[in-house]
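Trainee: Below is a structure I'd like to ask you about.
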Amino acid sequence: MSNPAHYIPNDVADIVRHIYVHIPFCARICPYCAFYKELLDRSQTQRFCEALLSELGQQAKDRHLLPSTIYFGGGTPTALTTAQLEFLLGGFSKALDLSELIEWTTEANPGSVSAGKSALLRRLGINRISLGIQSWDDGLLKLLGREHNAKQGEESFAIFRNAGFSNINVDLMFGLPGQTIQQWQSTLERTVSLGPEHISTYCLTYEEDTDFFLRHTSGEFRQNSDADAEFFEMTMSILEAAGYEHYEISNYARPGFRSAHNRAYWSGSDYLGIGPSAFSTVGMSRWQNVSDFRAYSDAVLSGKSMISSVEHLTAEMKRAERIALGLRTIDGTPSKLLEVFPNETREFVRLGLLEEARGSFLLTRAGKALADSVAEAFV
């Protein structure tokens, strides 16, 4: 990326329909997480919420925002108090035309929700919850540094259901140190029994700047690709048998409940990132906000740039991203995008990892287990 710019790129006049908001606060720092996050500091959260609304107001003046999706991620958005959530959500409703909004998601961690808070979220426009369960095994939850146990996870799910939420995602993780295939089967079956509309399953990756990465490099934790493949195969079998559509490598949904926000990312749509560390991609520009919530708040509230870096995208970069992300989805990648890779495409078809259908190339069932390796050949 280039040196930080002191302006917000605005190289196209198109409508921006997708907004991501990063709320970095966590009650506890999980040792595997590489996203920008900070321990919750109640003395700073109100000022931070004011900064988010200030940035949103600036962006709304500079470009045409007509969101069809909004996604509050983190961190833990529900770590904010009920009053702060009301202030923030109300501010978004006032600043934006929400007449075309179809999906407004917030991430939530078990233990950070209450009946009152969930009812407020529902009343103020949130219509989709992404609940960070990760596991139903208390031992594995402790290893992951989670602040909840399995019982609290089920209680939080019930709280959201009772508040009227009919679109709930459950996040799960596999490939954990010491995790057995029996534990993973139990986690999948327990999740299915709750009946969420959407399930996301992620294989643990050892990211730099995390405690898990240090334990991995020291040899304490080891990655087992064969075991990970077995976990992945079991996930497909159990969730598809339960009626979930495997519409992206890590994501499964009941009919009609695919994530509209994530599908926009995967299809290469423009999106705007609000908050510290958030990325935006609009037209041929990509930029990232500074990854420090105090510096971010100071800059925004004083009318200065909060951008830390700007990148100009090329047509080749956009095509490579579209291929790699498209291959991860049930829709695949349009065949015309792979015309410049005839040898690679033919070889993957010969190996039974790709197949052509409806004018696109799709990963086969065998190919899904090797999605990253296939995508790398086209980047």
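Trainee: Over the alpha carbons of the range 175-226, what is the largest minus smallest coordinate on each principal axis, giving the biggest first in Å?
Mentor: The Cα atoms of the range 175-226 stretch 39, 22, 17 Å along the principal axes, largest first.
Trainee: Counting only complete DSSP H runs, which helices of the chain cover 15 Å or more along their long axis at the Cα atoms and score a mean Kyte-Doolittle of 0.5 or above?
Mentor: Membrane-span-like by this rule: 82-95.
Trainee: Can you list residues whose amide H is under 5 Å from residue 104's amide H, if they're 5+ apart or on another chain and H is modeled 1.01 Å from N?
Mentor: 70, 127, 128
Trainee: Additional query: Can you give me the relative contact order of the chain as a percent, contacts being Cα pairs under 8 Å and 6 or more apart?
Mentor: 18 percent.
Trainee: Given bins 10 angstrom wide, list per bin the percent of all Cα-Cα distances in the range 169-264, short to long.
Mentor: Binned Cα distances yield the sequence 15, 44, 29, 11, 0.
Trainee: For the range 207-314, what does the alpha-carbon gyration tensor say about shape, rounded, prolate or oblate, given a ≥ b ≥ c as the root eigenvalues, a/c under 1.5 as rounded, and a/b over b/c as prolate?
Mentor: Judged from the Cα gyration tensor, the range 207-314 comes out oblate (a/c at least 1.5, b/c at or above a/b).
Trainee: Rounded if a/c is under 1.5, else prolate if a/b beats b/c, else oblate: with a ≥ b ≥ c from the C-alpha gyration tensor eigenvalues square-rooted, which is the range 145-190?
Mentor: Note, shape of the range 145-190 comes out prolate.
Trainee: Averaging over all projection directions, find the projected area of the Cα convex hull of the range 76-204 and quote it in nm² with one decimal place. Working shown, then result.
Mentor: Working: hull surface 31.8 nm².
For the range 76-204, averaging the hull's shadow over all directions gives 8.0 nm².
Trainee: Just add up the charged neighbours of residue 297: K/R +1, D/E -1, any other residue whose Cβ is under 13 Å from the Cβ of residue 297.
Mentor: Details: positive: 47, 294, 304; negative: 38, 41, 50, 55, 292, 298.
It works out to a net charge of -3.
Trainee: Give me the one-decimal Kirkwood hydrodynamic radius in Å for the range 286-379, with the sum taken over alpha-carbon pairs.
Mentor: Radius from the Kirkwood sum: 15.4 Å.
Trainee: What order do 379, 349, 310 take when sorted by accessible area (1.4 Å probe), most exposed first?
Mentor: Solvent-accessible surface, decreasing: 379, 349, 310.
Trainee: Accessible area per residue for the chain in Å², computed with a 1.4 Å probe and the full protein assembly in place, what is it?
Mentor: Averaged over the residues of the chain, the accessible area is 43 Å².
Trainee: I'd like the isolated cysteines in the chain, meaning no second cysteine's beta-carbon lies under 4.7 angstrom from theirs.
Mentor: Among the cysteines of the chain, those whose Cβ sits 4.7 Å or more from every other are 26, 49, 203.
The values are calculated or read from the model by the stated rules, or taken from the named source; none is laboratory data. Just so you know, these numbers come straight off a predicted model, no measurement behind them. Methodologically, a virtual Cβ is constructed for each residue, glycine included, from the backbone with ideal geometry; neighbour enumeration extends over all protein chains shown. The accessibility values were calculated without ligands, DNA or RNA, using every heavy atom of the protein model including side chains. Shrake-Rupley method; radii C 1.70, N 1.55, O 1.52, S 1.80 Å.
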